[in-house]
């Protein structure tokens, strides 16, 4: 069945997809051909606005999406040298994410699909992150293992085939990126926390403070970062109560080491036990330099092929949605004009 579908992909004509992503605080549109070739990838970020509040404010995000959505779509088409007459399908993120933000992208996609009589394909946001790896790695095909780590998700996923996934592990509480943001705020670095901790950690001693690394009983591939986050906050409060100072760089480096060791440890354990020889990372935290370096080392040690997207494709973007939408489209998946935003959509659900 897999070989038949891949032969069909080779024989079929080019498929050009206009993709839209608006699940959180990036308004994005892209034009992607055959799931791997990015003709344009336009992103309008709201980070400078939300950093004033220390995090994403859903209502503000939704309003900004409304202001920017038509502009980024037009820019993506122009940059690709295409018009809507050249588009074979519309791909759009419909979950998970902030419901108000998702609705803006879904509404825009449905309007174009209806007006131009173009097929509509709904895309799962995490599936989009995983598919970002296809864009820069022509040799990557399922099956492989993928760690998806971002501000809202930490999943260890076995990609059995295009569009077919098995979740092996997930966070029981805070996502890795969420823990980064909360710790960065406590240290005084501000939002977004991931890049700021990654940068300052390079100046610190990762062995300065020994923080706990949680294991989940009965679920060896699951993650838990709430205890680690609390340990960092307790350490800071303890220093303040004693009138002692602490080095933010050492604290950031020690925290980051604990996160990376858990992410790498669980991932490699799963890969070894399942006999998987290809491993990929995805999501915002996948752009973290310490995680990328540790994964490269771990995979080389085990003679596993390692795949990672460029940092721009780790953050929320529409190119990854276009890649995922292509494989959904050629499998025959179509969404109706009743497609709705599903903020808590689970991977594998339709």
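Over what distance in Å are the Cα centres of the range 80-112 and the range 202-237 separated?
Between the Cα centres of the range 80-112 and the range 202-237 lies a distance of 39 Å.
For the range 142-310, give me the percentage of DSSP beta bridges that are antiparallel, rounded to the nearest 5 percent. Don't skip to the answer; put the middle values down first.
Details: 12 of 20 bridges.
Among the beta bridges of the range 142-310, antiparallel pairing accounts for roughly 60 percent.
Using a cut-off of under 19 Å, list every residue of the range 241-280 whose amide N is near the label point 7 Å from the Cα of residue 305 along the Cα-to-beta-carbon line.
In the range 241-280, the label zone of residue 305 (backbone N under 19 Å from the point 7 Å along Cα→Cβ) covers 268, 271-280.
Using Cβ counts within 10 Å as a stand-in for footprinting exposure, how do 196, 301, 117 rank, fewest first?
117, 301, 196
Between residue 167 and residue 85, how many nm apart are label points set 7 Å from Cα along the C-beta direction?
So the two model labels end up 4.5 nm from each other.
Give me the one-decimal nm value for the distance between modelled label points at residue 70 and residue 47, 7 Å along each residue's Cα-to-Cβ direction.
Result: 2.9 nm between the two label points.
What are the semi-axes of the equivalent ellipsoid for the chain, taken as the square roots of 5 times the Cα gyration tensor eigenvalues, largest first, in whole Å?
Numbers: eigenvalues 250, 117, 51 Å².
For the chain, the ellipsoid semi-axes come out as 35, 24, 16 Å.
Considering only the chain, what is the antiparallel percent among its DSSP beta bridges, to the nearest 5?
60
Please order 77, 233, 337, 263 by the number of other Cβ within 10 Å, starting at the fewest.
337, 233, 77, 263
Could you work out [θ]222 nm for the chain from helices alone, using -39500 (n - 2.57) per DSSP H run of at least four and dividing by all its residues? Round to the nearest 500 deg cm²/dmol.
For the chain, the value works out to -14500 deg cm²/dmol.
Counting pairs of alpha carbon atoms under 8 Å apart in space and at least six apart in sequence, what relative contact order in percent does the chain give?
Relative contact order here is 24 percent.
Just rank 308, 334, 36, fewest to most, by other beta-carbon atoms within 10 angstrom.
Ordered from fewest to most neighbouring Cβ atoms within 10 Å, 308, 334, 36 come out as 334, 36, 308.
Label-point separation (nm) for residue 219 and residue 114, each offset 7 Å from Cα along Cα-to-Cβ?
Placing both labels 7 Å beyond Cα along the Cβ direction yields 4.0 nm.
Bear in mind these aren't lab numbers, they're just calculated from the coordinates by the rules spelled out. Note that this is a predicted model, so its numbers are computed, not measured. Don't worry about glycine lacking a Cβ; one is built from the backbone with ideal geometry, like all the others, and counts go over all protein chains shown.
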